[in-house]
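The values are calculated or read from the model by the stated rules, or taken from the named source; none is laboratory data. Predicted, not measured: the structure shown is a model, and the values here were computed from it. All Cβ positions, glycine included, derive from the backbone under ideal geometry; neighbour counts span all protein chains shown.
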Ligand SMILES: Cc1cc2nc3c(=O)[nH]c(=O)nc-3n(C[C@H](O)[C@H](O)[C@H](O)COP(=O)(O)OP(=O)(O)OC[C@H]3O[C@@H](n4cnc5c(N)ncnc54)[C@H](O)[C@@H]3O)c2cc1C
């Protein structure tokens with residue numbers, strides 16, 4: 001570890017120690033997946049606090065207001081952030097999905113228009129991909145869009161499972177712009193303001209009891225002519241580039257929370273005696289082993305040449321590996337907690353683990369289900385023929 | 001953990017060379033030839049320090065070599081000579097003994113194995129050879145039930161319990177020492193030959209004791225852990241080959257008018273193999289580069305080292321067993337035959353899952369580390 005990194009870590013730790021206090025203190029370790037309903041307004045203020053401290057967009061190029069930090073330092077930031085109890089990032093869709101896509105494929109005007117709002121925690125984003133009839137088969141999208149006489153785009157249709165739409169200012173939408181087109185052809189990638197008469201957002205209650213995602217209905221909703229990323233009809237390419245970010249780097253920060261969650265399991269096991277059960281001991285050790293696998297696989301993925309066009313096995317397997325690991329951790333946590341797990345707990349640690357247990361059931365579904373991941377691994381990674 | 005150009009070149013050379021010279025299915029008289037070519041390539045000199053005429057490289061380079069050897073099930077004394085004997089000397093021997101032996105081991109003038117407890121357990125209580133003082137020298141007595149011994153050895157390093165003053169010492173002896181008898185064993189994994197060694201009052205001179213008493217215990221424990229990382233690399237190579245065999249076979253095999261590989265039930269199985277194998281590979285590579293950095297002094301204490309390597313060890317053992325089992329299944333009937341390679345990997349995978357301790361033991365050690373600390 002270079003001295004540089006040590007100093008940087010110290011800087012992060014110091015900053016967290018002096019900022020995650022006072023009115024923000026209640027946010028410690030809150031607001032992760034499965035806990036998005038915790039203090040949303042305060043968490044947005046926290047995002048702005050973070051931004052003011054220069055901690056958003058660490059990996060973005062300097063030209064786009066980022067700090068262009070090397071990977072090791074980005075990781076160090078996430079580690080120290082979680083160690084200090086940093087809350088779940090309500091701005092992650094914007095920061096880790098929308099922004100890299102705009103940096104890669106947006107126009108200079110779009111970059112100037114949208115990146116500062118994301119970086120400064122002023123504008124939040126939702127992802128409008130899935131529809132009732134288009135989940136794994138994303139290319140089956142039927143939401144339509146067309147340019148009106150004024151040149152602005154109009155939208156008609158329904159998106160579903162849209163995380164955090166109710167907390168967001170903007171949504172990126174994949175919609176069919178060429179009437180009669182099928183599959184990947186004729187789609188467009190639009191940036192749409194959510195607060196307008198043509199849009200209705202209905203919360204969907206999840207198995208956790210909370211409502212982090214929504215149905216979003218478009219009924220003649222509009223957006224400006226220049227709010228299209230890529231060319232009309234070529235939205236699939238943009239959508240896939242974004243999914244690449246979703247399945248890769250973006251989750252790395254979130255995964256730092258895994259370390260914390262495993263530690264909570266260990267603490268509970270030590271407190272309630274489960275730590276003496278040989279079978280539980282084996283599983284806790286295994287969870288730790290699995291975490292090292294994710295960690296090293298993530299490092300390998302990110303340290304390779306990003307310029308290389310070769311299919312990288314470590315990147316292909318990553319989503320499947322971490323989501324399964326997390327799901328198993330959830331089950332392990334509940335097995336450690338035992339019968340007390342049947343009751344919604346007041347104990348922060350146990351409550352968090354209950355959320356992990358339930359929410360991790362979604363990890364193997366969103367961003368490409370397990371089955372879709374395995375298809376991708378087999379076909380792209382191993383060259384197996386399509387069925 | 002990004003590989004340097006030199007490391008990539010080494011990896012490619014090893015892959016090409018071993019693909020061309022695999023001996024797993026040849027008569028054992030091909031082994032000596034393979035081994036001498038490996039020595040010529042300098043692979044036995046990889047971790048020997050430069051001042052002893054070695055290449056002064058480290059765990060990452062060894063990992064790359066071991067992975068390729070595992071892929072081809074190479075039958076050589078590499079594991080015994082380089083990974084075990086040399087590491088034991090580096091970690092536990094006196095400077096004088098290192099000077100005497102390491103260059104010879106690196107250049108094939110000697111080929112050695114290491115004897116610890118069964119399955120290469122380094123716990124003093126498990127050592128089955130005892131040493132007794134005899135004037136200036138020593139007498140070794142006892143039996144080592146399963147020693148890695150492919151017949152090409154000239155020497156052995158034996159960890160023995162000292163009878164009078166409780167303790168452990170490391171002895172060097174030649175395989176023709178009087179009183180030593182070696183009986184080859186009928187092993188299932190033919191690519192990993194073993195023998196039973198009986199020490200019937202083997203007399204050694206004083207300078208046969210090669211350990212540095214101050215570090216012998218910790219050094220042997222570390223040898224076991226570092227060697228387990230290398231074995232994990234070998235396991236990853238074997239798992240990768242099982243995956244390759246399964247992919248190649250199912251793409252060729254036609255049933256119901258289509259290649260079997262086009263069925264989703266088959267695709268998902270090979271994809272799962274890839275997930276486990278690549279995860280283990282990431283960990284082995286990552287841990288090896290951490291160990292290499294640690295060697296340059298950025299501190300990885302013994303407990304942290306053992307924990308990191310446990311992760312590699314558990315993943316690699318499980319991945320190899322899983323991939324070997326799946327490779328057999330995905331080959332159908334031919335997968336059960338002697339003619340096809342999956343069975344060889346299946347046997348190697350089982351062997352490797354037991355040496356240096358089963359995953360259960362590594363997990364329990366980790367659990368103790370995670371759960372029982374004050
Ligand atoms: C918590 C959560 C948050 C989400 N957030 C968002 C969001 O913000 N924005 C957004 O656009 N979407 C979001 N999603 C939607 C998510 O991307 C989809 O749920 C996912 O892609 C699966 O689609 P589906 O639900 O339609 O399932 P389906 O596609 O109907 O799948 C049903 C089952 O069939 C299997 N299956 C389908 N096709 C195949 C195949 N070819 N081979 C084998 N098996 C197959 C699937 O694996 C699954 O097991 C979210 C989902 C969850 C759970």
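Determine which single condition residue A:65 fails, assuming it passes every other condition in (1) buried (at least 17 other Cβ atoms within 10 Å of the Cβ); (2) in contact (Cβ under 8 Å) with a residue 60 or more places away in the chain; (3) away from the ligand (no atom under 16 Å from the Cβ).
Going through (1) buried (at least 17 other Cβ atoms within 10 Å of the Cβ); (2) in contact (Cβ under 8 Å) with a residue 60 or more places away in the chain; (3) away from the ligand (no atom under 16 Å from the Cβ) one by one, residue A:65 breaks only (2).
Just a yes or no: is a residue in segment A:190-198 closer than 21 Å to residue A:245 by Cα, in contact with a strand residue (DSSP E or B) (Cβ under 6 Å, 6 or more places away or on another chain), away from the ligand (no atom under 13 Å from the Cβ) and free of Cβ contacts under 8 Å to residues at least 60 places away in the same chain?
yes
Checking the conditions here, which among B:270, B:236 is crowded, with 24+ Cβ neighbours inside 10 Å and within 16 Å of the ligand (Cβ to nearest atom)? First the steps, then the outcome.
Details: B:236 fails: within 16 Å of the ligand (Cβ to nearest atom).
B:270 is the lone residue from the list that is crowded, with 24+ Cβ neighbours inside 10 Å and within 16 Å of the ligand (Cβ to nearest atom).
With the condition being over 27 Å from residue B:189 (Cα atoms) and at pLDDT 95 or above, I'd like the helices (runs of 4 or more DSSP H) fully within segment B:1-78 carrying at least 2 qualifying residues.
Values: elements: B:5-21, B:30-40, B:59-72.
Helices (runs of 4 or more DSSP H) meeting the threshold: B:5-21.
Among the residues of segment A:45-64, is there at least one that is under 19 Å from residue A:348 (Cβ atoms), assigned to a helix (DSSP H, G or I) and at pLDDT below 95?
Among the residues of segment A:45-64, not one is under 19 Å from residue A:348 (Cβ atoms), assigned to a helix (DSSP H, G or I) and at pLDDT below 95, which makes the answer no.
Restricting segment B:124-143 to residues that are touching a helix residue (DSSP H, G or I) at 6+ places or on another chain (Cβ under 8 Å) and part of a strand (DSSP E or B), which is surrounded by the fewest Cβ atoms within 10 Å (Cβ to Cβ)? I'd like the intermediate steps shown before the answer.
At the first step, the residues of segment B:124-143 found to be touching a helix residue (DSSP H, G or I) at 6+ places or on another chain (Cβ under 8 Å) are B:124, B:126, B:128, B:136-138.
So of that shortlist, the ones also part of a strand (DSSP E or B) come out as B:137-138.
Details: B:137: 14, B:138: 21.
If we take residues in segment B:124-143 being touching a helix residue (DSSP H, G or I) at 6+ places or on another chain (Cβ under 8 Å) and part of a strand (DSSP E or B), then B:137 is surrounded by the fewest Cβ atoms within 10 Å (Cβ to Cβ).
Just give me the residues in segment A:12-44 being under 20 Å from the mean Cα position of the chain (by Cα), in contact (Cβ under 8 Å) with a residue 40 or more places away in the chain and assigned to a helix (DSSP H, G or I), in sequence order.
A:27, A:40, A:43, A:44
Check segment B:328-342 and report whether any residue there is in the same structural domain as residue B:233 (by the TED database) and under 18 Å from residue B:278 (Cα atoms).
Scanning segment B:328-342 turns up no residue that is in the same structural domain as residue B:233 (by the TED database) and under 18 Å from residue B:278 (Cα atoms).
How many residues are farther than 22 Å from residue B:82 by Cβ and in contact (Cβ under 8 Å) with a residue 24 or more places away in the chain when one looks only at segment B:161-179?
The total comes to 10.
Taking residue A:176 and the conditions (1) free of Cβ contacts under 8 Å to residues at least 40 places away in the same chain; (2) crowded, with 17+ Cβ neighbours inside 10 Å; (3) touching a helix residue (DSSP H, G or I) at 6+ places or on another chain (Cβ under 8 Å), which numbered condition does it fall short on, given that it satisfies the others?
(3)
Could you check how many residues of segment A:114-140 are more than 10 Å from the ligand (Cβ to nearest atom) and either part of a loop (DSSP other than H, G, I, E, B) or farther than 20 Å from residue A:174 by Cβ (or both)?
Selection size over segment A:114-140: 9.
For segment A:213-234, which residues satisfy the criterion of being in a loop (DSSP other than H, G, I, E, B) and at positive phi?
At the first step, the residues of segment A:213-234 found to be in a loop (DSSP other than H, G, I, E, B) are A:224-227, A:230-233.
Within segment A:213-234, A:230, A:233 qualify.
Any chance segment A:320-329 includes a residue that's under 30 Å from residue A:209 (Cβ atoms), over 18 Å from the mean Cα position of the chain (by Cα) and more than 14 Å from the ligand (Cβ to nearest atom)?
There is at least one residue in segment A:320-329 that is under 30 Å from residue A:209 (Cβ atoms), over 18 Å from the mean Cα position of the chain (by Cα) and more than 14 Å from the ligand (Cβ to nearest atom).
Quick check: anything in segment A:353-360 touching a strand residue (DSSP E or B) at 6+ places or on another chain (Cβ under 8 Å) and either within 14 Å of another protein chain (Cβ to nearest Cβ) or over 24 Å from residue A:246 (Cα atoms) (or both)?
no
Does any residue of segment A:330-337 turn out to be within 14 Å of another protein chain (Cβ to nearest Cβ), surrounded by 22 or more Cβ atoms within 10 Å (Cβ to Cβ) and farther than 22 Å from residue A:276 by Cβ?
The answer is no, given that none of the residues of segment A:330-337 is within 14 Å of another protein chain (Cβ to nearest Cβ), surrounded by 22 or more Cβ atoms within 10 Å (Cβ to Cβ) and farther than 22 Å from residue A:276 by Cβ.
Can we say residue B:247 is within 9 Å of another protein chain (Cβ to nearest Cβ), touching a helix residue (DSSP H, G or I) at 6+ places or on another chain (Cβ under 6 Å), more than 25 Å from residue B:310 (Cα to Cα) and at pLDDT 95 or above?
Taking the combined requirement at face value, the residue satisfies it.
Just checking, how many residues over segment A:268-292 are surrounded by fewer than 16 Cβ atoms within 10 Å (Cβ to Cβ) and touching a residue at least 40 places away in the same chain (Cβ under 8 Å)?
Of the residues in segment A:268-292, 1 are surrounded by fewer than 16 Cβ atoms within 10 Å (Cβ to Cβ) and touching a residue at least 40 places away in the same chain (Cβ under 8 Å).
Scan segment A:151-168 for residues that are more than 15 Å from the ligand (Cβ to nearest atom) and either in a strand (DSSP E or B) or modelled with pLDDT of 95 or more (or both) and report the count.
Taking segment A:151-168 and keeping what is more than 15 Å from the ligand (Cβ to nearest atom), we get A:151-154, A:156.
Going one step further and asking which of them are either in a strand (DSSP E or B) or modelled with pLDDT of 95 or more (or both), we end up with A:152-154, A:156.
So the answer is 4.
Which of the residues belonging to segment B:252-267 are more than 15 Å from the ligand (Cβ to nearest atom) and buried (at least 18 other Cβ atoms within 10 Å of the Cβ)? Can you show your working first?
So the first thing to find is which residues in segment B:252-267 are more than 15 Å from the ligand (Cβ to nearest atom), and the list is B:252-261.
Matches in segment B:252-267: B:260, B:261.
Each row is one residue, and each column tells you yes or no for (1) more than 8 Å from every other protein chain (Cβ to nearest Cβ); (2) within 16 Å of the ligand (Cβ to nearest atom); (3) modelled with pLDDT under 95; (4) surrounded by 23 or more Cβ atoms within 10 Å (Cβ to Cβ).
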{"residue": "A:308", "(1), (2), (3), (4)": "yes, no, yes, no"}
{"residue": "A:315", "(1), (2), (3), (4)": "yes, no, yes, no"}
{"residue": "A:368", "(1), (2), (3), (4)": "yes, yes, yes, no"}
{"residue": "A:372", "(1), (2), (3), (4)": "yes, yes, no, no"}
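Go through (1) more than 12 Å from chain A (Cβ to nearest Cβ); (2) at pLDDT below 95 for residue B:372 and report which single condition fails.
Of everything listed in (1) more than 12 Å from chain A (Cβ to nearest Cβ); (2) at pLDDT below 95, residue B:372 misses just condition (1).
Just checking, how many residues over segment A:341-366 are surrounded by fewer than 17 Cβ atoms within 10 Å (Cβ to Cβ) and more than 16 Å from the ligand (Cβ to nearest atom)?
8
What's the number of the condition residue B:332 fails, among (1) in contact (Cβ under 8 Å) with a residue 40 or more places away in the chain; (2) buried (at least 24 other Cβ atoms within 10 Å of the Cβ)?
In the conditions (1) in contact (Cβ under 8 Å) with a residue 40 or more places away in the chain; (2) buried (at least 24 other Cβ atoms within 10 Å of the Cβ), residue B:332 misses (2) alone.
Looking at segment A:106-138, which of its residues are under 17 Å from residue A:368 (Cβ atoms) and surrounded by 15 or more Cβ atoms within 10 Å (Cβ to Cβ)?
A:127, A:128, A:129, A:130, A:131, A:134, A:135, A:138 - these are the residues of segment A:106-138 that are under 17 Å from residue A:368 (Cβ atoms) and surrounded by 15 or more Cβ atoms within 10 Å (Cβ to Cβ).
Does residue A:31 satisfy being crowded, with 20+ Cβ neighbours inside 10 Å and farther than 14 Å from residue A:257 by Cβ? Write out each step before concluding.
Details: crowded, with 20+ Cβ neighbours inside 10 Å: yes; farther than 14 Å from residue A:257 by Cβ: no.
When the stated conditions are applied, residue A:31 does not pass them.
Determine whether segment B:215-228 contains at least one residue that is within 21 Å of the chain's Cα centre (by Cα), over 26 Å from residue B:308 (Cα atoms), away from every other protein chain (no Cβ under 14 Å) and more than 16 Å from the ligand (Cβ to nearest atom).
Taking every residue of segment B:215-228 in turn, none turns out to be within 21 Å of the chain's Cα centre (by Cα), over 26 Å from residue B:308 (Cα atoms), away from every other protein chain (no Cβ under 14 Å) and more than 16 Å from the ligand (Cβ to nearest atom).
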